[in-house]
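Worksheet for the structure shown next.
The values are calculated or read from the model by the stated rules, or taken from the named source; none is laboratory data. In this text the structure is predicted, and so the values were computed from the model without any measurement. All Cβ positions, even for glycine, are placed from backbone atoms using ideal geometry, and neighbour counts span all protein chains on display.
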Amino acid sequence: MAFRGSPFEGISTQELLVQLSGKKRAEKKLPLWFKTRGIIYPPNLNLEQTSSEVTAQHKASLVAGTSLADLTGGFGIDSYYFSEKIDKVRHFELNLELQKIAAHNFEILGAKNVISEARDSLDFLKNTSEKFDWLYIDPSRRDEAGGRVFFLSDCLPNVPENLELLQERAGSILIKTSPLLDLQAGLNELQNVQEIHIVAVENDVKELLWILKQNTSESITIKTVNFQKKEKQVFTSTFDNDLPEVYSMPEAYLYEPNAAIMKSGLFGALGNALRLEKLHPNTQLYTSKEPVDFPGRRFKITQILPFRKKQLKKDLQLKKANITTRNFPESVAELRKILKIKEGGDAYLFFTTLQNEEKVVLVCQKS
């Protein structure tokens with residue numbers, strides 16, 4: 001198409017390529033947009049930065065009331081799903097072209113309770129007496145040179161700097177931040193945090209959500225959510241829940257936490273809640289005699305082999321296997337080279353260190 005040129009009068013080749021690329025990217029990330037006639041797509045950078053439908057729907061499940069202002073509206077995915085839960089949604093976007101696209105799509109999708117404006121949302125808040133049930137903000141995580149930043153004070157708009165204004169204009173605030181932001185660093189920059197949601201899609205952490213409410217309790221709820229194709233894995237605890245970990249040698253079943261759990265650091269709370277024991281303080285793997293439902297992957301241990309390089313190849317007799325290392329000196333690539341095992345198959349090999357510091361291979365099957 002780039003070489004052939006646009007066959008449509010008044011539409012440039014570049015404009016057409018943006019739409020073709022956008023529609024292709026939307027197929028999995030934004031299926032409602034993909035299947036709706038008349039949708040217009042923004043440049044790829046805007047699509048990369050927008051929420052997926054599954055994460056936007058999760059955010060919408062956290063809010064309720066009559067009014068919400070989306071202060072960093074962007075392509076409008078979050079605003080659209082907020083409009084299904086809130087009577088009146090204000091969508092603010094500084095980029096005029098992006099705001100026009102979002103407003104057009106709101107009309108196409110029938111979101112008549114969304115008011116879209118191309119203006120600075122903070123200026124609006126400073127010059128209005130209007131109050132909202134909720135404010136939602138997703139600060140840009142790129143600096144002026146286009147490089148990525150992660151601390152809230154380095155993002156635009158600067159949430160910590162404007163926190164007093166935000167709290168004056170709404171009883172509840174929902175903030176989306178980078179999945180790479182350290183939880184304690186976020187807490188140090190914010191006030192009145194009531195909940196933290198760690199949201200993953202198919203074991204890939206996509207975003208951190210912070211719910212701020214005035215007069216909140218000192219205890220902060222932390223919720224991990226991992227959306228998979230057929231299920232949603234959820235685990236909830238409190239941020240200061242530092243329950244002691246219990247250790248054990250491998251039993252009948254092995255458990256590997258999902259990415260949201262790994263981000264949360266709630267290893268003692270998870271083991272205590274599900275009555276599971278860990279293999280080692282630095283090995284985030286759990287074990288049990290009987291199977292339990294688990295926010296991650298569960299395996300049946302079929303063999304426990306000592307890690308002896310020369311003997312191990314004879315003991316395993318595998319041409320294919322899925323290899324994972326946890327608290328182990330060799331990398332997966334090095335182990336494949338040593339054992340001459342290709343990726344794939346039904347066998348799962350966990351190379352790890354036990355509580356007695358012994359290096360072993362746990363031969364498993366999915367359970």
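A few remarks follow.
- Of the residues screened, T352 is not one that is in a strand (DSSP E or B) and either in contact with a helix residue (DSSP H, G or I) (Cβ under 8 Å, 6 or more places away or on another chain) or of a type in the set (K, R) (or both).
- Considering region 30-57, and only residues there that are at pLDDT below 95 and in a helix (DSSP H, G or I), the residue that is nearest to L212 (Cα to Cα) turns out to be Q49.
- In region 226-235 there is at least one residue that is surrounded by 14 or more Cβ atoms within 10 Å (Cβ to Cβ), farther than 14 Å from L270 by Cβ and modelled with pLDDT of 95 or more.
- Region 236-256 - residue that is in contact with a helix residue (DSSP H, G or I) (Cβ under 6 Å, 6 or more places away or on another chain) and closer than 23 Å to L62 by Cβ and, of those, surrounded by the fewest Cβ atoms within 10 Å (Cβ to Cβ): N241
- Checklist (1) free of Cβ contacts under 8 Å to residues at least 40 places away in the same chain; (2) under 24 Å from F235 (Cα atoms) applied to A321, failing item: (2)
- Applying the criterion of being at pLDDT 95 or above and crowded, with 17+ Cβ neighbours inside 10 Å to the residues of region 298-320, the residue that is farthest from K366 (Cα to Cα) is I301.
- Breaking point among (1) within 23 Å of P257 (Cβ to Cβ); (2) free of Cβ contacts under 8 Å to residues at least 24 places away in the same chain, for D315: (1)
- Qualifying positions in region 198-208 - farther than 19 Å from D240 by Cβ and in a strand (DSSP E or B): V199, A200, V201, D204, V205, K206, E207
- For Y81: the one exception among (1) touching a Phe, Trp or Tyr at 6+ places or on another chain (Cβ under 9 Å); (2) closer than 19 Å to W210 by Cα; (3) modelled with pLDDT of 95 or more; (4) of a type outside the set (D, E, K, R): (1)
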